[in-house]
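Asker: Sharing a structure below in structure tokens format, with a few things to ask.
FYI, it's all coordinate maths here, none of it is from the lab. Source: prediction; values computed, not measured. Cβ atoms come from the backbone with ideal geometry, glycine included; neighbour counts cover every protein chain shown.
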Amino acid sequence: MARLVEVMCAPHDPTIPATRHRRATLPEGEMRTLEAFELLQARLDAARPDVIVMVSGDHLNQWFMDDMPQFLIGKAPRARGPFPHERHAFGLDDYDTEIEGALARHLLNKGIEGHFDLSYSNEFTLDHGFVVPLSLLRPEQDTPVVPLFTNVMAPPIPPGRRFHELGHAVRELIEGFDADTRVAVVTSGHMTNNIGGPEMLDFAEQPLTDWDTSTWHRLHHGDIGELVDECTFDHLYSHGHGTPGFLDYVFALGLVGDERPDWSELTSGPTQLPAAFLQWTDRTLNGAAR
Amino acid sequence: MNRYGVNKVMYDVYRDNDNATAFTSDPSAYLAPYDLTDEESKALTNRDVRRLVEGGAHPFLVFNFALCLAGGFSIEFCLEYVNNLRGLDVGDITT
């Protein structure tokens, strides 16, 4: 049966990839962000996944309010991105890799047999929510992926409890996949976020809000069930209209059960959004004996 | 404000370079097929990000719309954008 060999959470700020070209002059926080990506890239490589399940929100690029899926499995032959306007605005490189169709269909079919009304699509482009973490964590573009899109931007948005339940279910579905496959899951989201709102640049004065600091502490030492229950759209929205993007980290919490991360880093600074990195290893996910 | 209609215009403009060019060269003609009030058309034509966000347009769409028409990302663009929104509260964005 398939094995969950790695779970990672990483940010997807589209300005991050370009910082690789000005390493010599990067502020400390941005350098730590790059280094965190490099560390996770090496660890993902060492985990030797056969497939990466990539979970992120689309940013009203692929899906719009005319036809908005809450959770969607991409089952096209290939996963490609980003959108031309993202390439133009942020200098993002193209990403193009195979989709692991058998696992995509397994997650879809078995998910629907349970109580998750997953949508599916054969026609989509991955936006920066997928392309940024994939290009920094697996630049070789040689590992098949299964994209799982989540709605974290256009209300109504499912509460954290449902993201957590879906994460839990996806783990069971992965482990029930009848193939000798090593699966890594990468989820991408963020901490406080106000892109497009009046507080968009508040990080220049206050790199981390009280919510960022307390949530980070609770991720490591707090009651996870309480945190998950608290993560409704309205609550997260009250901390920034983009903060519901944290729900994709809540999905990861559903995957890993009660386990705390093996490694984590929260980078911040006056020139960047807070960037949260979390990693759970095979040993922690599966225990030493397995 | 007809949030859906205004959001749709911005989505169509920033995702498609031809639409962005058409909007830039003749905003009235471009907006004619959309179901918009005069005030909504005016806010879009004037790229009035404050009025758009105030009316409940999705801030991320407003940002992408303004970014696309500005021609690219820069700190200067972000500073001017935020300056235009100073003091606003982002309210309900449900469509």
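Asker: Place a +1 charge on the Cβ of each Lys and Arg in the range B:3-85 and a -1 charge on the Cβ of each Asp and Glu, then give the dipole magnitude about the Cα centre in debye, rounded to the nearest 20.
Answerer: Dipole magnitude for the range B:3-85 comes out near 180 debye.
Asker: Then there is this: Once the Cβ-Cβ distance between A:D258 and A:R48 is put in as r, and R0 is 22 Å, what FRET efficiency do you end up with, to the nearest 0.05?
Answerer: Result of the calculation: an efficiency of 0.25.
Asker: Would you kindly calculate the mean projected area, averaged across all directions, of the convex hull enclosing the Cα atoms of the range A:147-222, in square nanometres?
Answerer: 7.4
Asker: Also, quick follow-up: So, with +1 on the Cβ of K and R and -1 on the Cβ of D and E, and no other charges, what is the size of the charge dipole of the range A:1-45 about its Cα centre, to the nearest 20 debye?
Answerer: Using Cβ point charges on Lys, Arg, Asp and Glu, the range A:1-45 gives about 80 debye.
Asker: Choose one of A:G57, A:I195, A:A42: the residue whose Cα lies farthest towards the positive end of the charge dipole of chain A (beta-carbon charges +1 Lys, Arg; -1 Asp, Glu; about the Cα centre).
Answerer: Value: A:A42.
Asker: Tabulate in residue order the Karplus-calculated ³J(HN,Hα) for the range B:70-76, using 6.51 cos²θ - 1.76 cosθ + 1.60 with θ = phi - 60°, rounded to whole Hz; enter x for Gly and Pro.
Answerer: Working through the residues one at a time gives 7, x, x, 7, 7, 5, 4 Hz.
Asker: In addition: I'd like the per residue volume of the convex hull spanned by the Cα atoms of the range A:1-107, given in cubic angstrom.
Answerer: Convex hull of Cα atoms, per residue: 138 Å³.
Asker: Right, next: Within a 10 angstrom radius of each residue's Cβ in B:44-53, how many Cβ atoms of other chains show up on average? Whole number is fine.
Answerer: Average per residue, whole number: 1.
Asker: Which of rounded, prolate or oblate describes the range A:33-160 when judged by the alpha-carbon gyration tensor and an a/c cut-off of 1.5?
Answerer: oblate
Asker: With θ taken as phi - 60° and the coefficients 6.51, -1.76 and 1.60, list the Karplus ³J(HN,Hα) couplings across the range A:138-144 in order, rounded to whole Hz; mark glycine and proline as x.
Answerer: In residue order, the calculated couplings are 9, x, 5, 6, 10, 10, x Hz.
Asker: Would you work out which of A:A276, A:M1, A:I73 lies farthest towards the positive end of the dipole of chain A, given +1 charges on the beta-carbon of Lys and Arg and -1 on that of Asp and Glu, about the Cα centre?
Answerer: A:M1
Asker: Also, quick follow-up: So what is the relative contact order for the range B:3-85, in percent, with contacts set as C-alpha pairs under 8 Å and at least six apart?
Answerer: Across the range B:3-85, relative contact order equals 36 percent.
Asker: Report, as an integer, the average count of C-beta atoms from other chains found within 10 Å of each Cβ along B:60-73.
Answerer: Partner Cβ neighbours, averaged per residue: 4.
Asker: Quick one: which residues, 5 or more positions from A:Y95 or on another chain, have an amide H under 5 Å from its amide H? H modelled 1.01 Å from N in the peptide plane, none for Pro or chain starts.
Answerer: A:G81
Asker: Right, here's the next one. Where a ≥ b ≥ c are the square roots of the eigenvalues of the C-alpha gyration tensor, would you call the range A:136-181 rounded, which needs a/c under 1.5, or, failing that, prolate if a/b is larger than b/c, or oblate?
Answerer: Taking the square roots of the gyration eigenvalues as a ≥ b ≥ c, the range A:136-181 is oblate.
Asker: As a check on your grasp of the helix formula, calculate [θ] at 222 nm for chain B: sum -39500 (n - 2.57) over DSSP H runs of n ≥ 4, divide by the residue count, round to the nearest 500.
Answerer: -19000 deg cm²/dmol
Asker: Sticking with this structure for a sec: By a straight-distance test (C-alpha under 30 Å), which lysines pair with A:K110 as possible cross-link partners, with residues fewer than eight away in the same chain excluded?
Answerer: Within the straight-line cut-off, A:K110 pairs with A:K75.
Asker: Could you pull the Rg and Dmax for chain A, using just the Cα atoms, both in Å?
Answerer: Calculated on Cα positions, Rg and Dmax stand at 17.5, 52 Å.
Asker: Filter the trypsin sites (Lys or Arg not before Pro) in the range B:4-91 to those in DSSP coil with at most 11 other Cβ atoms within 10 Å of their Cβ, and list the result.
Answerer: Hits after loop and neighbour filter: B:R86.
Asker: Also: Please give the per residue volume of the convex hull enclosing the alpha carbon atoms of the range A:139-278, rounded to a whole number of Å³.
Answerer: Convex hull of Cα atoms, per residue: 132 Å³.
Asker: So, one more: So how strong a dipole does chain A carry about its Cα centre when Lys and Arg Cβ are +1 and Asp and Glu Cβ are -1, to the nearest 20 debye?
Answerer: 540
Asker: Compute the projected area of the convex hull of the Cα atoms of chain B, averaged over all viewing directions, and report it in nm² to one decimal place.
Answerer: So the Cα hull casts an average projection of 5.6 nm².
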